[in-house]
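Asks: Would you mind keeping the following structure in view while I ask a few things?
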Amino acid sequence: MRIVFIGAGRLASNLAPALQASGAEVVEVWSRTRASAETLAAQLGCRAVWGCVDDVCTTADLYLLSVTDAVLPQVVARLHSHREQALFAHTAGSMPLTLFPEAGHARGAVFYPMQTFSKGRSVDFRQVHFFVETAFEDDYRSLDALAQQLSPHVHRSTSASRRRLHLAAVFACNFVNHCCTLADDLLHDGDLDFSVMQPLLEETVAKLRQMPPAEAQTGPAVRRDDNVMGMQRAMLADRPDVQRLYTLLSESIQQYNI
């Protein structure tokens with residue numbers, strides 16, 4: 001299977017090398033900017049294309065689109081000409097399968113690896129869950145086999161279930177990471193390093209492998225320790241936005257533990 005990557009961001013920079021290492025043939029990388037396209041293409045040893053997406057080759061079997069949700073429909077529409085028989089798949093968590101037939105593509109799919117990606121940091125794809133959605137059964141078998149080359153955790157999905165999955169991931173990953181950013185700021189104000197949080201975070205994740213999140217909850221809110229909560233809210237008086245977030249999260253914890 002000849003694969004072209006449309007996009008060279010964080011997800012593509014992790015997924016493309018992993019697919020190539022598993023035996024897939026990545027023949028081209030397109031990006032809006034020359035530097036991004038050439039950097040990933042050089043790593044893969046394939047052709048780099050940048051700027052106008054019309055210049056992407058027309059002979060690939062699979063076009064994997066890893067671009068921002070805002071431009072995905074336009075990119076899909078631009079790639080229709082001369083590629084009518086190819087399989088197109090996007091890697092977005094919340095975008096529907098229907099955008100492909102809306103753009104005239106007969107063979108549309110979703111190939112969604114649910115993971116957080118950063119450039120310069122390798123991901124162990126054996127631990128990643130892939131969610132695959134296709135319009136045709138033959139295409140599902142092809143993408144299922146492609147995902148199985150990377151991970152044993154491959155699931156058939158629908159657009160509706162994937163949107164809910166993505167929303168849950170925002171809470172479990174993105175919001176949690178932002179809370180860690182706030183914690184880092186608070187620690188810096190006290191001349192403390194964020195590394196002191198590492199054992200706490202690791203134990204938090206370890207517990208979640210053995211019990212539901214609601215059962216693992218600890219802290220002053222679940223204990224309804226009003227004295228500690230009042231003191232901590234007072235400490236955030238100079239950060240009213242963080243103070244409001246502290247109050248909202250504490251109230252939400254208490255609602256789940258009535």
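Asks: Would you confirm, using the coordinates I've provided, whether residue 93 is under 18 Å from the mean Cα position of the chain (by Cα) and either within 24 Å of residue 136 (Cα to Cα) or at pLDDT 95 or above (or both)?
Replies: So residue 93 passes the test.
Asks: Within the stretch 13-26, can one find any residue that is acidic (Asp, Glu), surrounded by 15 or more Cβ atoms within 10 Å (Cβ to Cβ), more than 15 Å from residue 111 (Cα to Cα) and in contact with a strand residue (DSSP E or B) (Cβ under 9 Å, 6 or more places away or on another chain)?
Replies: no
A quick yes/no check of all residues on (1) surrounded by fewer than 21 Cβ atoms within 10 Å (Cβ to Cβ); (2) under 19 Å from residue 113 (Cα atoms):
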site: 38; (1), (2): yes, no
site: 42; (1), (2): yes, no
site: 45; (1), (2): yes, no
site: 62; (1), (2): no, yes
site: 78; (1), (2): yes, no
site: 86; (1), (2): yes, no
site: 96; (1), (2): yes, yes
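Asks: Residues 70, 92, 103: which one is hydrophobic (A, V, I, L, M, F, W, C) and loosely packed, with under 15 Cβ neighbours inside 10 Å?
Replies: 70
The values are calculated or read from the model by the stated rules, or taken from the named source; none is laboratory data. Not measured: the values here are computed from a predicted model. When we count neighbours, we look across all protein chains shown, and the Cβ atoms used for this are built from the backbone with ideal geometry, even at glycine.
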